[in-house]
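The values are calculated or read from the model by the stated rules, or taken from the named source; none is laboratory data. Keep in mind that what you see is a predicted model, and the values were worked out from it rather than measured. Using ideal geometry, Cβ is built from the backbone for each residue, glycine included, and neighbour counts are taken over all protein chains shown.
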Amino acid sequence: MDEETGERQGHSAVLCGLGICLPHREVGNEDVGARLGVSDDWIAQRSGIRRRRVTAPGISTGDLATEAGRRALEAASVTQVQAVVLATTTPDHIIPGSAPSVAARLGLDGTAAFDLNSGCSGFIYGLAVAHGLISAGVADHVLLIGADTMTQVADPDDPQTTPLFGDGAGAVVLRPGTPGESGAFGPFDLGSDGARSSVARIPAGGSRSRADRHAEPDKAPFLTMAGRELFRHAVHHMVASSRRAAERAGWAVTEIDAIAPHQANQRISVDVTRRLGVPENRMLSNIADVGNTAAASIPLVLHHAVSTRALTPGMRVLLTSFGAGLAWASTTLVWPDVPVPGPAPEPAPPHPAG
């Protein structure tokens with residue numbers, strides 16, 4: 001193990017393909033606010049969100065994940081991987097996991113595939129898992145997908161949560177490489193605080209409490225959040241985790257060219273960036289157009305930044321996230337010169353809705 005970085009010697013997970021899938025339907029604040037009795041500006045001032053993408057009836061998280069994964073494989077010119085990891089809070093079913101179905105639909109028969117639930121930190125947790133699989137020699141290539149349909153679990157009558165969320169999927173293909181090379185992820189900083197799990201959770205649907213849409217609030221299958229407390233913990237842990245990740249990479253804060261925070265709330269991203277001492281113009285953001293897409297957030301914002309030339313090869317990038325668990329995660333990479341195709345189209349529903 002390297003005493004300075006904490007990284008094991010050997011292979012690292014290196015980015016070689018990126019793809020995303022966004023639903024067609026765009027829902028603006030006016031539509032959301034009219035139903036909830038709040039204004040466009042009220043939503044935008046509190047979150048930075050102006051619009052979000054919402055899946056069509058009959059479209060699931062697995063559907064979006066499949067199309068994003070297909071795009072990433074095409075971008076990487078890879079036809080086979082040894083593992084598919086799906087980071088999601090909104091799987092198609094409690095049982096079975098959604099990743100095996102996604103793998104099968106991508107023609108990856110017999111490939112190891114599993115879901116990972118670390119809330120909005122799921123994508124970076126997934127990067128750490130993929131890094132471990134590759135560095136241990138278990139896999140040569142890993143397809144990591146972050147996908148969520150958060151609009152399906154947001155309480156439609158709650159103005160504090162419903163305006164925040166959108167649906168989407170982003171995927172990366174990872175190959176073996178040398179620590180420190182362009183595109184190599186790591187070192188990682190991961191952490192959690194399960195004693196505060198009630199700050200952000202879906203109370204019902206698991207073994208603790210069965211789901212019932214007509215039950216009391218503590219039994220409902222909708223996301224609940226303690227907004228102010230969540231904001232405070234998010235800023236604190238994202239800043240601390242980011243500093244640890246940068247230090248382990250041997251980077252001074254002034255050397256960070258771009259910070260890609262999980263797109264939870266624009267005010268959180270700005271506060272984290274400011275407290276780190278990174279100029280705000282180095283903060284990557286697409287929350288105004290897609291909302292909070294949970295585990296899909298970071299690959300979506302990276303894709304957006306490349307498409308708008310806010311992110312170019314050679315830039316030092318810090319990724320950081322915070323979400324339910326409570327769980328936080330950060331990592332780094334030097335952005336590689338990889339093809340980034342346009343978004344994959346949302347698939348058609350498998351059968352008529354209703």
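Quick rundown of the values:
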quantity: First in the stretch 68-82 and farther than 17 Å from S101 by Cβ, second anywhere and part of a helix (DSSP H, G or I) and of a type outside the set (D, E), Cβ under 8 Å, 6 or more apart; calculated: T79/L73; Q82/L133
quantity: Of the criteria (1) buried (at least 23 other Cβ atoms within 10 Å of the Cβ); (2) free of Cβ contacts under 8 Å to residues at least 40 places away in the same chain, which one E280 fails; calculated: (1)
quantity: Single residue of the stretch 55-112 satisfying the filter (of a type in the set (D, E, K, R) and in contact with a helix residue (DSSP H, G or I) (Cβ under 8 Å, 6 or more places away or on another chain)) that is farthest from D148 (Cα to Cα); calculated: D109
quantity: Qualifying positions in the stretch 187-211 - β-branched (V, I, T) and part of a loop (DSSP other than H, G, I, E, B); calculated: I202
quantity: Pick from the stretch 43-71, criterion assigned to a helix (DSSP H, G or I) and more than 17 Å from the chain's Cα centre (by Cα), ranking: surrounded by the fewest Cβ atoms within 10 Å (Cβ to Cβ); calculated: Q45
quantity: Residue list for the stretch 24-61, restricted to those being acidic (D, E) and within 27 Å of S98 (Cα to Cα); calculated: E26
quantity: Options T293, T308, T312, T254: the member that is β-branched (V, I, T) and surrounded by 24 or more Cβ atoms within 10 Å (Cβ to Cβ); calculated: T293
quantity: Residue satisfying condition, being on the phi < 0 side of the Ramachandran plot and within 17 Å of the chain's Cα centre (by Cα), within set N286, N281; calculated: N286
quantity: Given (1) more than 19 Å from the chain's Cα centre (by Cα); (2) part of a loop (DSSP other than H, G, I, E, B); (3) among the aliphatic types (A, V, I, L, M); (4) surrounded by 23 or more Cβ atoms within 10 Å (Cβ to Cβ), index of the condition A246 fails; calculated: (2)
quantity: Residue among T178, T162, T151 that alone is within 16 Å of the chain's Cα centre (by Cα), of a type outside the set (K, R) and surrounded by fewer than 24 Cβ atoms within 10 Å (Cβ to Cβ); calculated: T151
quantity: Any hit, the stretch 222-236, residues being within 26 Å of R267 (Cβ to Cβ), in a strand (DSSP E or B), of a type in the set (A, V, I, L, M) and modelled with pLDDT of 95 or more; calculated: no
quantity: Members of the stretch 58-109 that are touching a strand residue (DSSP E or B) at 6+ places or on another chain (Cβ under 7 Å) and among the β-branched types (V, I, T); calculated: T61, V78, V81, V84, V85, T88, T89, T90, V102
quantity: Any hit, the stretch 127-141, residues being under 17 Å from the mean Cα position of the chain (by Cα) and acidic (D, E); calculated: no
quantity: Only listed residue being over 18 Å from G191 (Cβ atoms), crowded, with 22+ Cβ neighbours inside 10 Å, hydrophobic (A, V, I, L, M, F, W, C) and in contact with a Gly (Cβ under 9 Å, 6 or more places away or on another chain), chosen from L326, L302; calculated: L302
quantity: When residues of the stretch 74-101 are limited to those that are more than 15 Å from A294 (Cβ to Cβ) and in a strand (DSSP E or B), the one nearest to the chain's Cα centre (by Cα); calculated: V85
quantity: Candidates P350, P299, filtered to the one that is more than 21 Å from A240 (Cβ to Cβ), modelled with pLDDT of 95 or more and either part of a strand (DSSP E or B) or not charged (D, E, K, R) (or both); calculated: P299
